[in-house]
Amino acid sequence: MLASVRQQRADLHQASDADLLLAASRKDQAAFSRLVERHFTLVHRVVWRQSNGHADAEDIAQEAFLRLWRNPAQVREAGALKGWLLRVAHNLMMDRFRQTPLQVLDDEDRIVDSRDNAEEALGRTEVAAAIDGAIARLPERQRFALTLVHFEQLTNIAAAEVMEVSVDALESLLSRARRSLKEQLAAHKDMLLAGLAGERT
Amino acid sequence: MMRDKQMNDDELDRLLAAASRPALPVGALARLNARLAQESGAGNVIALQRKAPAQRRRLGWLAGLPLAASLALGLYLGSAGGGSSLLPAAFTETLVGVSSAGPETGIEEAESWAEEDLT
């Protein structure tokens with residue numbers, strides 16, 4: 001009995017997304033939980049980044065998986081599962097924050113003001129906060145492109161499919177996002193880079 | 001001076017690598033699995049059918065049948081004039097007595113009372 005349960009668990013761990021989706025369509029919750037284990041962290045991370053770290057990120061990611069659970073047949077190809085989840089989660093996030101737009105903290109100003117000495121380098125946490133703030137100030141589509149490609153390592157083709165744009169359009173969004181970040185961070189770049197190196201002058 | 005204010009791709013990549021990476025909230029997967037179990041449970045529940053309104057409707061029709069029959073019979077007997085034979089004898093005799101004596105309107109008495117008042 002115990003051996004068969006272990007075997008079943010091992011099978012689930014080795015099963016492909018396609019097999020797990022098929023099992024999920026028969027309401028096999030163990031199989032679906034395996035899909036959750038595989039993809040939830042990614043979906044949560046993307047929603048978190050897109051919502052500027054909003055507390056609802058977990059709830060939104062959960063909702064995307066619940067939609068899949070209700071109707072797994074919506075994903076026709078297992079290869080498209082990750083993209084489907086990211087797209088649905090992103091749409092859910094946009095719906096949720098349509099009424100109450102996300103607030104962007106002005107981390108850049110806060111960091112500059114907090115310095116005791118103009119020559120003092122920032123700590124790593126402050127550097128991270130400054131970069132998070134700069135990313136949060138990007139237009140939503142640019143931030144989404146940057147999140148998918150830079151942070152989640154999706155290929156341009158995969159990211160373009162998630163965003164339902166052409167690869168050219170995605171590359172344009174990425175380029176504009178990077179240019180905007182450079183402009184935002186350039187004024188404090190020495191301080192930020194020194195903070196990364198752990199320097200304190 | 002202007003060169004210092006610019007940032008190259010390598011510098012930007014180094015900074016982006018320092019951006020926050022959210023950790024998965026503790027218990028997030030367990031919470032999602034609980035919601036899934038809740039949804040699964042909801043799917044297995046057989047919803048109770050509300051049959052009462054249908055029965056009430058059928059009973060309404062059944063109750064209406066004797067009422068309709070009674071109304072039809074009443075109309076028939078009333079129009080045919082044969083209804084009096086079905087009524088109790090004491091009641092029909094009173095009715096006959098009233099009709100032979102003529103209608104009691106009370107107008108005559110009222111007139112006499114009015115005359116008394118004048119005198």
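The values are calculated or read from the model by the stated rules, or taken from the named source; none is laboratory data. What you see is a predicted model; the values in this text were computed from it and never measured. Positions of Cβ are backbone-derived with ideal geometry, glycine not excepted, and every protein chain shown enters the neighbour counts.
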For the subset of the range A:163-201 comprising residues that are in a loop (DSSP other than H, G, I, E, B) and within 27 Å of A:L86 (Cβ to Cβ), which member is nearest to the other protein chains (Cβ to nearest Cβ)? A:V165
Residues in the range B:69-76: is at least one within 14 Å of chain A (Cβ to nearest Cβ) and modelled with pLDDT of 85 or more? no
Selection from the range B:9-47 of residues modelled with pLDDT of 60 or more, more than 8 Å from chain A (Cβ to nearest Cβ) and part of a loop (DSSP other than H, G, I, E, B) yields B:A17, B:A23, B:V26, B:G27
Do we find a residue being within 11 Å of chain B (Cβ to nearest Cβ), in contact with a Phe, Trp or Tyr (Cβ under 6 Å, 6 or more places away or on another chain), among the aliphatic types (A, V, I, L, M) and under 27 Å from A:A136 (Cα atoms) anywhere in the range A:47-60? yes
Within the range A:60-78, residues being buried (at least 16 other Cβ atoms within 10 Å of the Cβ) and of a type in the set (D, E) number 1
Pair list, Cβ under 7 Å, 6 or more apart: the range A:173-198 residue over 12 Å from B:L15 (Cβ atoms), other residue not in a helix (DSSP H, G or I): A:A177/A:L138; A:S180/A:L138
For the range A:144-162, how many residues are touching a residue at least 40 places away in the same chain (Cβ under 8 Å) and assigned to a helix (DSSP H, G or I)? 7
Residue count, the range A:149-193, condition small (G, A, S) and crowded, with 18+ Cβ neighbours inside 10 Å, comes to 5
Consider A:E37 carefully, then state whether it is more than 7 Å from chain B (Cβ to nearest Cβ), among the acidic types (D, E) and in contact with a helix residue (DSSP H, G or I) (Cβ under 7 Å, 6 or more places away or on another chain). no
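To keep it simple, each residue is scored yes or no on (1) modelled with pLDDT of 90 or more; (2) within 14 Å of chain B (Cβ to nearest Cβ); (3) within 17 Å of the chain's Cα centre (by Cα).
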residue	(1), (2), (3)
A:E63	yes, yes, yes
A:H90	yes, no, yes
A:R98	no, no, no
A:D116	no, no, no
Only listed residue being at pLDDT 95 or above and either among the polar types (S, T, N, Q) or in contact with a Lys or Arg (Cβ under 7 Å, 6 or more places away or on another chain) (or both), chosen from A:T147, A:T125: A:T147
